[in-house]
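No lab work stands behind these numbers, since they all come straight from the coordinates. Just so we're clear, the structure is a prediction, and the values are computed from it rather than from any experiment. A quick note on method: Cβ atoms are made from the backbone with ideal geometry, for glycine too, and the neighbour counts reach across all protein chains shown.
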2 protein chains.
Amino acid sequence: MESTRYEMLANRLAELIRGGTFAPGDRMPSVRQSSHEHRVSISTVMEAYRRLEDTGLIEARPRSGYYVKAPVLSEARIPTTAAHARKPIHIERASLFEAVMDTVADPRVVPFAAAAPDDSIIPKAKLASISNALFRKHGGAALRYTLPPGRRELRVAVSKRLLGAGIKASPDEILTTHGATEALLLALRATTKRGDLVAVEAPTYFGILHLLRDLGLRAIEIPVSPHAGFVVEALETALKKHRVAACVVQPNFHNPIGGLMPVEAKQRLAALSERHGFAIVEDDVYGELGHDGIRHPSISLYGGHVIHIGAISKTLAPGLRVGWIVPGPHFAEIKRLKSIQCPWNATLSELMVAEFLEAGGYDRHLRRIRQLYAVQCARMRQAVVSSFPDTCRVNQPLGGFVLWIEMPAAFDAEDFAVRAMAENVSLVPGPVFSASGGLRNCFRLSCGFAFGERTLDAVALLGKLAAR
Amino acid sequence: MESTRYEMLANRLAELIRGGTFAPGDRMPSVRQSSHEHRVSISTVMEAYRRLEDTGLIEARPRSGYYVKAPVLSEARIPTTAAHARKPIHIERASLFEAVMDTVADPRVVPFAAAAPDDSIIPKAKLASISNALFRKHGGAALRYTLPPGRRELRVAVSKRLLGAGIKASPDEILTTHGATEALLLALRATTKRGDLVAVEAPTYFGILHLLRDLGLRAIEIPVSPHAGFVVEALETALKKHRVAACVVQPNFHNPIGGLMPVEAKQRLAALSERHGFAIVEDDVYGELGHDGIRHPSISLYGGHVIHIGAISKTLAPGLRVGWIVPGPHFAEIKRLKSIQCPWNATLSELMVAEFLEAGGYDRHLRRIRQLYAVQCARMRQAVVSSFPDTCRVNQPLGGFVLWIEMPAAFDAEDFAVRAMAENVSLVPGPVFSASGGLRNCFRLSCGFAFGERTLDAVALLGKLAAR
């Protein structure tokens with residue numbers, strides 16, 4: 001019996017080493033600790049460790065214990081993922097999207113798929129010093145539970161910030177969220193019920209479509225113009241036939257098309273909302289990234305039942321996960337829903353963002369990155385135009401940092417994305433942005449990260465792939 | 001017309017000052033900035049500011065601008081909340097719970113309602129130095145987007161930690177979450193559909209009940225013993241009549257009753273799960289807080305379809321919002337669901353926790369707080385026994401830091417909670433922990449925070465209230 005025991009233990013430990021729980025160079029748990037953890041005798045552990053030593057997985061170091069030897073098949077893991085991505089076959093949309101997103105953290109892949117600010121843009125020194133000051137000021141309280149509606153310091157700072165968008169909301173009218181996506185989920189849950197119809201832009205940010213599917217909502221597509229964004233006339237036509245519960249719109253620097261709704265369009269949409277009684281869910285995460293430096297107002301400045309949503313993910317630091325929502329009359333319901341699904345907030349993150357907004361030079365930071373994004377978009381657009389076939393069209397974004405490329409009707413962007421991934425370049429194909437699975441001849445390239453040789457080479461490579 | 005404009009602006013600004021957007025001592029936006037933000041002329045802003053000065057809300061300081069004067073009605077806000085809490089009438093359960101939770105951050109209220117570690121327990125100096133080191137090591141990358149399944153560093157550290165609970169999960173089998181509540185939501189969504197029956201403990205952690213209601217699930221109550229936790233026989237009986245989709249259980253140091261399932265009970269529950277095909281959702285957030293220092297194993301050590309859930313909220317720092325889930329065969333589905341609802345993780349938080357688990361002295365920290373919690377529970381229990389009528393019963397928790405008090409059958413804990421809140425002492429009444437709204441004669445007191453004169457006085461006060 002004892003021999004089976006130590007073999008079983010040795011097999012389990014070998015799995016843990018291959019799985020990465022114990023990495024090359026790591027000290028293995030002491031014999032005593034393993035005996036406790038695996039509920040076996042000391043001698044069984046010693047037998048198992050000797051077995052692992054014999055098979056070359058670990059080595060004993062005098063007076064120090066057992067260590068995982070390198071290399072331990074860590075390279076052997078790579079082809080699995082890569083092979084999955086390389087398949088030049090039709091892949092179901094959701095899984096292609098997941099495959100693309102799974103590569104975002106891979107440093108070997110040029111991440112045109114990620115609509116994220118470059119690491120170099122994140123004001124890390126300032127945020128680090130703010131974090132230090134907060135630990136000194138609050139001690140453990142900087143890491144205690146925070147309940148909805150969120151830390152008051154952040155709601156005060158956001159309240160001031162929103163004035164720039166023409167929104168007068170007191171701190172008590174604002175809820176902080178775990179980024180903008182949670183805010184979108186809360187807004188949709190508060191204003192719709194299963195089966196309701198929601199007007200969405202075509203194309204639109206894919207996260208909105210994922211939420212609609214998950215909540216059992218139906219979508220009606222409203223086209224978006226590269227210049228003027230949301231085409232209000234199309235919604236007017238739709239409203240003659242359908243009852244719409246909510247309309248999700250990105251009025252200022254639309255993702256992925258870069259458009260900006262003119263004042264008249266905002267006024268008309270606000271009036272429609274009041275006349276027909278639907279909620280406008282306003283996703284304004286790119287609102288402060290106008291390339292000309294102008295902060296364009298929220299639709300709510302012109303009326304309408306507007307739920308406003310913002311975040312610092314595109315401007316400051318996505319990994320802090322700080323967003324907000326101004327829910328108007330839905331405040332109590334949204335606070336209730338948040339208390340059920342995500343009842344506590346990331347206190348330190350909220351305090352860090354509050355301090356940066358209040359005293360960290362946010363406006364100066366925004367001025368710097370707006371110019372940077374404008375330059376990166378222009379250079380990337382130039383690179384696309386000169387590398388791609390003449391038949392391609394590229395938007396000229398007025399803000400934000402994504403390019404939307406439209407190819408001739410026969411072009412298959414999903415197939416293109418699979419071939420690009422095989423060459424270690426990621427991008428997001430058009431159907432991911434479409435409720436109806438259309439836009440097959442389009443794709444999105446992000447210019448959020450630093451522009452350089454590598455980017456140029458990757459665009460040139462995409463141009464060659466597209467020409468085939 | 002112009003006179004109406006400046007009056008309107010003055011009224012809006014006055015609202016913002018009363019609402020707290022601009023606090024006493026704050027400098028108001030410059031005339032130029034306000035003119036831009038409110039889209040009015042410079043002269044309109046100047047008129048409005050003069051009006052605010054006349055009404056005593058702001059004051060001009062030479063060469064510096066306008067400042068909000070103190071005091072600005074900030075004290076006038078207090079009675080509203082307090083009056084709401086003082087009402088000695090029947091309050092609907094959900095709203096009483098919200099009223100209790102709204103007081104948790106109020107420093108004037110003794111927070112027996114909050115099952116949270118005291119601020120003084122959070123190892124802030126170590127976490128601050130870890131945060132610094134992470135900024136130095138990763139730069140902006142410490143604040144970039146992280147996609148599910150979460151930062152590998154954290155999954156590796158959790159994978160090692162889980163060995164202590166008898167769980168062999170590789171880092172690739174673990175997903176990190178925004179605390180344990182998100183993990184519970186994901187586990188329930190992956191294993192149930194609307195209308196399904198879920199076995200829950202009575203009493204149980206209220207967050208579980210909120211999720212069940214929100215997901216349209218039905219509950220069947222399984223009693224919990226103060227010593228041995230989950231009463232498996234009751235589930236066996238229920239399974240003769242009903243099909244159960246999932247069973248949510250806190251095997252190690254149950255909240256709120258403090259019990260611990262013996263090995264035999266875990267084995268029987270695991271066998272039932274296999275025989276009847278239901279999922280065991282194991283909430284193990286108190287698992288490392290055994291007062292005797294023993295780490296009791298996960299039910300999965302004995303088999304069963306177990307989804308294991310853990311977090312550092314009760315042991316390290318709730319405000320970091322870091323938890324995890326080991327979903328077994330539901331991994332892909334839970335990753336998909338998380339990608340829809342909460343698609344990015346708090347990168348810095350995850351890195352901080354990973355580093356603390358790997359090299360921050362987590363075991364030493366646990367040894368210290370386990371002893372502290374044991375002492376606090378014992379002292380608080382003693383205080384309750386000597387302050388409350390002889391008819392009260394108090395559990396003797398084997399781990400964690402909550403006391404569960406049972407009064408005679410006629411006692412109304414909701415009324416008691418309302419009266420206690422009026423005296424600035426918070427607690428959670430029994431029906432909040434009951435799917436059927438029972439347990440009216442019980443309530444929970446947390447001993448997570450530092451014990452002292454103030455705690456003793458508050459317990460004495462509760463004793464007097466209870467005697468009435």
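Ordering A:303-312, B:40-49, A:156-165 by mean Cβ neighbour count within 10 Å, with the highest value first, yields A:303-312, A:156-165, B:40-49.
Just checking the output field for A:318-324: average partner chain Cβ neighbours within 10 Å of each residue's Cβ?
On the way: counts 7, 17, 6, 12, 1, 0, 0.
Taking all residues of A:318-324 together, the mean is 6.
Figure legend: label point modelled 7 angstrom from the Cα of A:Ala238 along Cα→Cβ; residues of the stretch A:185-204 with amide N under 12 Å from it are A:197-204. Between A:Lys193 and A:Ser30, the FRET efficiency from the beta-carbon distance, with R0 = 60 Å, is close to 0.60.
Taking amide H positions as modeled 1.01 Å from N, with prolines and chain starts lacking one, the residues under 5 Å from A:Ile222 and 5 or more places away or on another chain are A:Val200, A:Glu201, A:Ala202. Taking label positions 7 Å along the Cα-Cβ direction at both B:Ala228 and A:Arg136, the computed distance is 5.7 nm, reported to one decimal.
Seen from every direction in turn and averaged, the convex hull around the alpha carbons of the protein assembly as shown projects onto 41.4 nm². Look at the dipole of the protein assembly as shown built from charges on Cβ: of B:Ser95, B:Phe388, B:Tyr205, the Cα furthest out on the positive end belongs to B:Phe388. For the stretch B:316-417, the alpha carbon convex hull comes to 189 Å³ per residue, rounded to a whole number. With respect to chain B, whose longest principal axis is taken over its alpha-carbon atoms, helix B:232-241 is tilted by about 90°. Excluding same-chain neighbours fewer than eight residues apart, the lysines reachable from A:Lys160 by a Cα-Cα span under 20 Å are A:Lys168, A:Lys314, B:Lys69.
Remark: spin-label model distance B:Ser120-A:Ser436 equals 6.6 nm, labels positioned 7 Å along the Cα→Cβ axis. The calculated FRET efficiency for A:Val375 paired with A:His276, based on their beta-carbon distance and R0 = 60 Å, is about 0.90. If the segment from A:Arg364 to A:Met46 were pulled out straight at 0.36 nm per residue, it would be longer than the present Cα-Cα gap by 108.4 nm. Computed extension length for A:Thr391-A:Arg213: 60.7 nm, one decimal, from 0.36 nm per residue of separation with the Cα-Cα distance subtracted.
Centre-to-centre separation between the Cα atoms of the stretch A:323-347 and those of the stretch A:442-468: 39 Å. Within the same chain, lysines fewer than 8 places from B:Lys240 are excluded, and of the rest, those with a Cα less than 26 Å from its Cα are B:Lys193, B:Lys266.
Most exposed first by the Cβ proxy, i.e. fewest other Cβ within 10 Å, how do B:Asp172, A:Asp119, B:Asp118, B:Asp283 rank?
On the way: B:Asp172 15, A:Asp119 18, B:Asp118 21, B:Asp283 28.
So the residues, fewest neighbours to most, are B:Asp172, A:Asp119, B:Asp118, B:Asp283.
Stokes-Einstein diffusion for the stretch A:139-360 at 4 °C, viscosity 1.567 mPa s, with a Kirkwood radius from C-alpha pairs, works out to 74 µm²/s. Computed from Cα atoms, the angle from the helix B:263-276 axis to the main principal axis of chain B rounds to 90 degrees. Between the stretch A:141-198 and the stretch A:265-303, the C-alpha centres lie 17 angstrom from each other. Summary of the geometry: the stretch B:364-435 and the stretch B:50-68, compared by the centres of their Cα atoms, lie 51 Å apart.
The length gained by stretching the chain between B:Tyr67 and B:Asn424 to full extension, at 0.36 nm per residue less their Cα-Cα distance, is 125.1 nm. Helix A:413-422 and the longest principal axis of the C-alpha atoms of chain A enclose an angle of approximately 30°. Counting only other chain Cβ atoms within 10 Å of each residue's Cβ, the peptide A:8-20 averages 2.
Within 10 Å of the Cβ of each residue in B:176-186, the mean number of Cβ atoms contributed by other protein chains is 3. Gyration tensor over the Cα atoms of chain B: the corresponding equivalent ellipsoid has semi-axes (square roots of 5 times the eigenvalues, largest first) of 44, 30, 22 Å.
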